[in-house]
Amino acid sequence: MKENYPIKCVLINVYNIYLILNFVNQLFKKNINLLSTSKTKKILKKNNIFSTSFSDYVQFPDIIINSINVLHPRIHAGVLGKRIKDHNVMLHNRVVPIDMICVDLIPFDKLKKIKNIELENIIKNIEIGNISLIKSAIINNKEVTIVIDKHEKIIEEMNENNDCIKLETKKKLAKKAFKYIVEYEIKLLNFLKKNNKI
């Protein structure tokens, strides 16, 4: 079964899009479809980079929290779906295969700087959508690339492999992503314990 497909669709949901504009621009120049939040879409547009917002893609408004649509089944089906095995059901439900997710979590230092260190204030600043996305991508790591940092290395590998990411690289990135979210939540737990909030 072929698992090393060229990257055609990338989901972007990062804390600071300005730090990776060059990376996103290079993806755009490769005619790769970009999915992003509505806020990120506006920033990208100002930089002549065009993307589709999550809300437009899933046909559901941005309500309650900005990243609510990251939790939508059409998003997760695009990450979890197998390109061959699930092709027909994905096509029937208008699910676009997502080949790469470029995500991160709110920098832990930002959480620590919240003036009123109450459990409720910390919790409402926790990014739930990206953790779910990362876990979905880890499950389907043979077909989905998880990019958290070192974005230039990803472009280099794509340039050398006809816009593909090697299976070995995908596996390494999946392990790195798993470690990233576990360590993040351990830091958060220890921080709350230290401040007697848990």
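The values are calculated or read from the model by the stated rules, or taken from the named source; none is laboratory data. All of these numbers come straight from a predicted model, not from anything done at the bench. Cβ coordinates were reconstructed from backbone atoms using ideal geometry, including for glycine residues, and neighbour counts include every protein chain displayed.
Within the range 1-21, the set of residues being over 17 Å from the mean Cα position of the chain (by Cα) and not hydroxyl-bearing (S, T, Y) comprises M1, K2, E3, N4, P6.
Among the conditions (1) outside any helix (DSSP H, G or I); (2) at pLDDT below 95; (3) within 20 Å of the chain's Cα centre (by Cα), V70 misses just one, which is (1).
Evaluating F178 against the criteria (1) at pLDDT 95 or above; (2) touching a helix residue (DSSP H, G or I) at 6+ places or on another chain (Cβ under 7 Å); (3) closer than 13 Å to V79 by Cβ leaves one unmet condition, (3).
The rows are residues; the columns are (1) under 19 Å from the mean Cα position of the chain (by Cα); (2) among the β-branched types (V, I, T).
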{"site": "I122", "(1), (2)": "no, yes"}
{"site": "I138", "(1), (2)": "yes, yes"}
{"site": "K142", "(1), (2)": "yes, no"}
{"site": "I155", "(1), (2)": "yes, yes"}
{"site": "N162", "(1), (2)": "no, no"}
{"site": "Y180", "(1), (2)": "yes, no"}
{"site": "Y184", "(1), (2)": "yes, no"}
{"site": "K187", "(1), (2)": "no, no"}
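Here H72 fits the description: touching a helix residue (DSSP H, G or I) at 6+ places or on another chain (Cβ under 6 Å), surrounded by 13 or more Cβ atoms within 10 Å (Cβ to Cβ) and more than 20 Å from V147 (Cβ to Cβ).
Suppose the filter is surrounded by 15 or more Cβ atoms within 10 Å (Cβ to Cβ) and either more than 26 Å from E183 (Cβ to Cβ) or at pLDDT below 90 (or both); does N121 pass it? Judged against the criteria, N121 is not a match.
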